[in-house]
Each structure stands twice: as C-alpha cells, then as structure tokens.
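Comments concern the structure below.
The values are calculated or read from the model by the stated rules, or taken from the named source; none is laboratory data. All values reported here derive from a predicted model rather than from experimental measurement. Virtual Cβ from ideal backbone geometry, glycine too; neighbours counted across all protein chains shown.
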Amino acid sequence: MSQAAGTTGNAGESGAFVSLENLRPFAKVVFGDGAHEVARCGDGITLAYRPEGKEDWTSLGMQLEEGWPRIGGGIILSQSNALERFVRTHVVKIEGQTRTDGAQEFALEDVSWLVRNTEDLNLIEIRVGSEGDWTTVKIKDISKEKEKDRAVAALVKVSPDLEMEVSADMVGWAERLGAGAQIMPML
C-alpha cells in the first residue's frame, strides 16, 4: 500500500527514490480521529504525509491528480491499525444461539469465528470456522465487556492472510472515509 520512512527519503510506488527532506506541507487532511499534513516529496510529484505536529514523513506513492478521496484513503490504509479498524467496522456479532461453552460467534463476509474468554484478561480462545481446534491467543489488554474488540483482535492475530483476503474491500472503505475528510490549505 504505502511505505513508511524516516526523514531522509525512500522509494515511491514506482521504485524511484524520493526525498523526504525539507518538505513543506500544502494541505491538511482532517479525519474524525486526527489531522495529517500533506506535502510534495523532493521530486515535486509524489505526495507524503505526517500526523499533524509530528516530524517524520511517510511517502504515499501517490500524486495529487489521484484525488483527495484516494489520498485520504491512502493515509488511512498506511496506519498500522487499518486492518483492525476495517474489521471492527464490518464485523457482525451473531446473536440468538445459546452456547453451553460461553462462546460468542462473529462474522465478517465469508469468515465466521467463535471466541470465548479465559481467566486471563490478555488471553482469548478462538476457533475460525465451524470445525477445528480452539487456539489460545494473546491480545492486548481489552476489557471483557468489549467483546467485539476482543473478537477482532483475536481474528487479526490468527489470520495472517486476512488483509490480503479483504484488501479490495478495505480500499473502497478507506476511500469512502477519505471522501468524507475535510481538506484545508496550509499557507
């Protein structure tokens, strides 16, 4: 999707080196959860962004001509928690089935899984699909009342190919969010 970089430069999507030094932001993209500054890289074409108030730039490997919805989407997709945010937005908790083992069922498109809590707040058991063994995974400290967040964290942890499987849907989701961003010029 995009590439993170320090302040010296990196290769853009085309593989050409682009400088990330001495960038001057020309626009601010404001989402509900924060703002990001956008600048042209040293090649004058490729765009980079950084969270407002931060020092390091990240190359988007995109051009202004691609439009603000795609640029905003690129910023969203380059975040380390993009997959979890996408899954949390689209997951459905399946209600109505009483289980004797205390498990809760969740679904995301064609993927369904069961989760059940353990005594340890940082551990959760998960079973992807309707058959198979339960797997215990370590998740970050999420309260047991936040069932959906715990279920999402467990699925992301045990599904290394999940991002690839939902990538087309993630791009569309990110671009829809990008279309809703506020774009402000920076002088």
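Remarks
- Only residues that are over 17 Å from residue 93 (Cβ atoms) and either surrounded by 13 or more Cβ atoms within 10 Å (Cβ to Cβ) or modelled with pLDDT of 90 or more (or both) were counted in segment 114-132, giving 6.
- Residue 100 vs. criteria modelled with pLDDT of 90 or more and more than 24 Å from residue 86 (Cβ to Cβ): no
- Extreme residue, surrounded by the fewest Cβ atoms within 10 Å (Cβ to Cβ), among residues of segment 84-101 that are in contact with a helix residue (DSSP H, G or I) (Cβ under 8 Å, 6 or more places away or on another chain) and not in a helix (DSSP H, G or I): 93
- Exactly one residue among 67, 42, 12 is modelled with pLDDT of 90 or more and farther than 23 Å from residue 153 by Cβ, and that residue is 67.
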